[in-house]
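The values are calculated or read from the model by the stated rules, or taken from the named source; none is laboratory data. From a predicted model like this one, the values you see are computed outputs, not experimental measurements. Positions of Cβ are backbone-derived with ideal geometry, glycine not excepted, and every protein chain shown enters the neighbour counts. Note: accessible area is taken over every heavy atom of the protein model, side chains too, but ligands, DNA and RNA are not part of it. Shrake-Rupley method; radii C 1.70, N 1.55, O 1.52, S 1.80 Å.
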Amino acid sequence: MSTPPVTWVKAAAGSAYDVDNLPYAVFSTAESGPRIGVRIGDHVLDLGAAATALRPDWTVLLDTAALNPLMADGPATWAAVRSWAVELLTDTAYRDRVRLVPLADATLHLPFEVADYVDYYASVDHATNVGRIFRPDGDALMPNWRHLPVGYHGRAGSIIVSGTPVRRPAGQRKAPTDPAPVYGPSLRLDIEAELGFVVGRSVPLGQRVATSEFTETVFGVTGVNDWSSRDIQAWEYVPLGPFLGKSFATTISAWVTPLAALEHARVDLPGQDPAVLPYLQEKGPSGYDIEVEVEVNGTVVARPPYSCMYWSPAQMLAHLTVNGASLRVGDFYASGTISGPEKHQRGSFLELSWGGKETWTAGGQERTFLEDGDEVVLRYSAPGARGRIGLGEVRGKILPTV
């Protein structure tokens with residue numbers, strides 16, 4: 001892996017958004033409608049305008065309001081467009097021929113049209129913590145957990161872009177001591193710090209995707225906050241699992257980082273025991289050294305490490321399709337809560353508060369779960385060719401129930 005060339009955008013050189021990164025977004029300005037761009041420093045390179053002027057054959061892929069057409073054109077085009085973006089930002093001949101938009105002048109939109117959404121439960125530390133909270137006298141992990149990536153189907157229509165406020169959900173809830181359920185606002189509103197994977201390939205019903213096909217199937221990654229109502233979830237989830245306690249909102253970053261930018265972040269999984277079945281086996285490093293920072297009202301309260309995850313993204317993809325389920329461009333799957341073995345590495349407030357029994361502090365105030373007006377920001381970074389690269393942020397502020 002060679003070091004990328006130097007950009008002529010001086011403010012971007014050596015930043016977390018140099019040319020070895022170049023995450024994609026869909027953005028608009030006061031003068032122009034939504035189109036695709038890549039981040040360079042604190043600017044967006046307008047790829048839609050560049051295609052119109054310099055590569056009209058790519059206009060249909062880049063001067064558009066979603067990443068789906070680009071993703072659907074396949075890995076060869078992904079590599080070609082990325083190489084072209086690097087050329088535009090490193091060859092001074094293009095300095096006056098491309099448009100750089102300050103981030104402050106850009107409105108960021110949901111970067112792709114979401115087809116289906118699957119959420120996993122891939123952290124052994126998170127799953128163990130949750131098991132201990134809810135089953136203190138039983139086994140923390142269910143018998144199937146180390147044999148397959150446990151997941152559920154979420155609601156694609158509830159995926160929103162970073163910065164969109166989140167309305168506190170209402171629903172049925174019942175505490176263990178209550179004689180009957182009541183309807184009202186959730187009292188135990190939580191986050192789940194996750195990493196998401198954007199599928200850029202369609203696979204017909206009845207076919208399966210191998211773990212070795214991960215890089216030709218997944219276009220890139222994005223940060224995820226899968227907001228969770230723990231009291232609604234606790235009452236509804238037996239026997240069929242998460243439903244309304246999850247489906248009210250899932251926030252993703254406006255930036256989709258291509259897998260090509262994460263080659264320096266590849267690491268081995270911590271280890272899997274017992275050995276997985278053949279369709280889940282992989283060769284070479286299959287995890288990612290991605291760090292997450294959880295901030296509430298300006299205070300960093302946790303730093304979950306993605307490198308601790310038990311199940312890899314390629315294994316999650318293979319399991320998603322092992323029964324012959326189809327894939328569509330724009331399908332999206334998330335890792336589930338990222339947690340490490342230490343308390344400060346827990347990626348949900350359910351864990352930080354140990355089921356609401358312990359408090360944590362943000363902005364000088366003690367919390368167990370979220371209150372109206374709280375703002376949560378998740379930030380992501382990973383090793384790059386010249387230092388750490390940024391994967392964008394996931395921001396959301398809690399509004400009261402209507």
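Quick notes on this one:
- One residue alone among GLY364, GLY330 is farther than 14 Å from THR299 by Cα and either of a type in the set (A, V, I, L, M) or out of contact with any Gly (no Cβ under 7 Å at 6 or more places or on another chain) (or both), and that residue is GLY330.
- When region 168-207 is filtered for residues that are assigned to a loop (DSSP other than H, G, I, E, B), open to solvent by 60 Å² or more (accessible area, probe 1.4 Å) and aliphatic (A, V, I, L, M), the ones remaining, listed by number, are LEU187, LEU205.
- In region 304-324, the residues that are out of contact with any Lys or Arg (no Cβ under 9 Å at 6 or more places or on another chain) and either open to solvent by 10 Å² or more (accessible area, probe 1.4 Å) or not in a loop (DSSP other than H, G, I, E, B) (or both): PRO305, TYR306, SER307, CYS308, PRO313, ALA314, GLN315, MET316, LEU317, HIS319, LEU320
- Taken over region 79-93, the criterion of being touching a Phe, Trp or Tyr at 6+ places or on another chain (Cβ under 7 Å) and surrounded by fewer than 21 Cβ atoms within 10 Å (Cβ to Cβ) is satisfied by THR90, THR92.
- Which listed residue, of ASP231, ASP273, is outside any loop (DSSP other than H, G, I, E, B), among the acidic types (Asp, Glu) and modelled with pLDDT of 95 or more: ASP231
- Summed over region 132-144, residues that are assigned to a loop (DSSP other than H, G, I, E, B) and either open to solvent by 50 Å² or more (accessible area, probe 1.4 Å) or touching a residue at least 24 places away in the same chain (Cβ under 8 Å) (or both) total 7.
- Close pairs from region 43-68: first of a type in the set (Phe, Trp, Tyr), partner modelled with pLDDT of 95 or more, Cβ under 6 Å, at least 6 apart: TRP58/ALA51
- Residue within region 352-363 that is assigned to a helix (DSSP H, G or I), modelled with pLDDT of 95 or more and buried (at least 19 other Cβ atoms within 10 Å of the Cβ) present: yes
- Residue, least open to solvent (accessible area, probe 1.4 Å), within region 238-254, restricted to residues that are among the hydrophobic types (A, V, I, L, M, F, W, C) and either under 15 Å from TYR120 (Cα atoms) or at pLDDT below 95 (or both): VAL238
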